[in-house]
Amino acid sequence: MNFEIRKISAVNAPELSALAVTIYKQYFLYLWHEGGEWYMHRCYNLQTITEELSDANNIHYIAYANEKPVGYLKIRTNEKLEGYEEKDGLEVERIYILKEGAGMGLGRELMKLSFDIARSMEKEMVFLKSMSSSIDSIGFYRSIGMEICGTLTLPFGQMKNEYRGMYILKKESLVR
């Protein structure tokens, strides 16, 4: 499938907010005792998305297939990873794809874009955090050269305890 990946700005906030909620509902409702409505409202409401899109440290992209949004990417350009503070890092904070767009190479394209941006900004490392229960995602990240370098536990009491774990993955060698 052919994708078009477009950098977006605050004018795209309504589209990104709707896409984020749709994708979150497809993949992550099982994490929560009460369905995660409070989390979606907290992270994906129009005001929060507009503020994130206006923050110079963030770069956002929406991927389209046949002019329909099928995924998005949020990069934080000036981030430090605990334990690797000496490294100038770029964080892939969100990489989400609709179920109907999964398995078609879009994740690989979005991560390639992240690595290319990191190289162009002369970053030493790209890192991200993934739910430890997201076995397929972790396998994908490892297949593109990322390695698990840490863990963390989310502090949300509304989240089921068995799903609060996350892996931190990084890729330091960004040579083409």
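The values are calculated or read from the model by the stated rules, or taken from the named source; none is laboratory data. Computed from a predicted structure; not experimentally measured. Methodologically, a virtual Cβ is constructed for each residue, glycine included, from the backbone with ideal geometry; neighbour enumeration extends over all protein chains shown.
Might you check whether a residue that is within 30 Å of H33 (Cα to Cα), in contact (Cβ under 8 Å) with a residue 24 or more places away in the chain and more than 15 Å from the chain's Cα centre (by Cα) occurs anywhere in segment 125-138?
yes
In segment 1-44, which residues are modelled with pLDDT of 95 or more, polar (S, T, N, Q) and either buried (at least 17 other Cβ atoms within 10 Å of the Cβ) or not in a helix (DSSP H, G or I) (or both)?
S9, N12, S17, listed by residue number.
Does Y39 satisfy being closer than 21 Å to G101 by Cβ and under 16 Å from the mean Cα position of the chain (by Cα)? Step through it out loud before you land on a result.
Values: closer than 21 Å to G101 by Cβ: no; under 16 Å from the mean Cα position of the chain (by Cα): yes.
The answer is no for Y39.
Across segment 159-171, what is the total count of residues that are farther than 23 Å from W38 by Cβ and either outside any strand (DSSP E or B) or out of contact with any Phe, Trp or Tyr (no Cβ under 6 Å at 6 or more places or on another chain) (or both)? First the steps, then the outcome.
First pass over segment 159-171, keeping only residues farther than 23 Å from W38 by Cβ: 167-171.
Checking which are either outside any strand (DSSP E or B) or out of contact with any Phe, Trp or Tyr (no Cβ under 6 Å at 6 or more places or on another chain) (or both) leaves us with 167-168, 171.
So the answer is 3.
What strands (runs of 3 or more DSSP E) lie completely within segment 49-158 and have 2 or more residues being crowded, with 17+ Cβ neighbours inside 10 Å and touching a strand residue (DSSP E or B) at 6+ places or on another chain (Cβ under 7 Å)? Give the steps one after another, and end with the answer.
Details: elements: 58-65, 68-79, 89-97, 125-131, 147-153.
Result: 58-65, 68-79, 89-97, 125-131.
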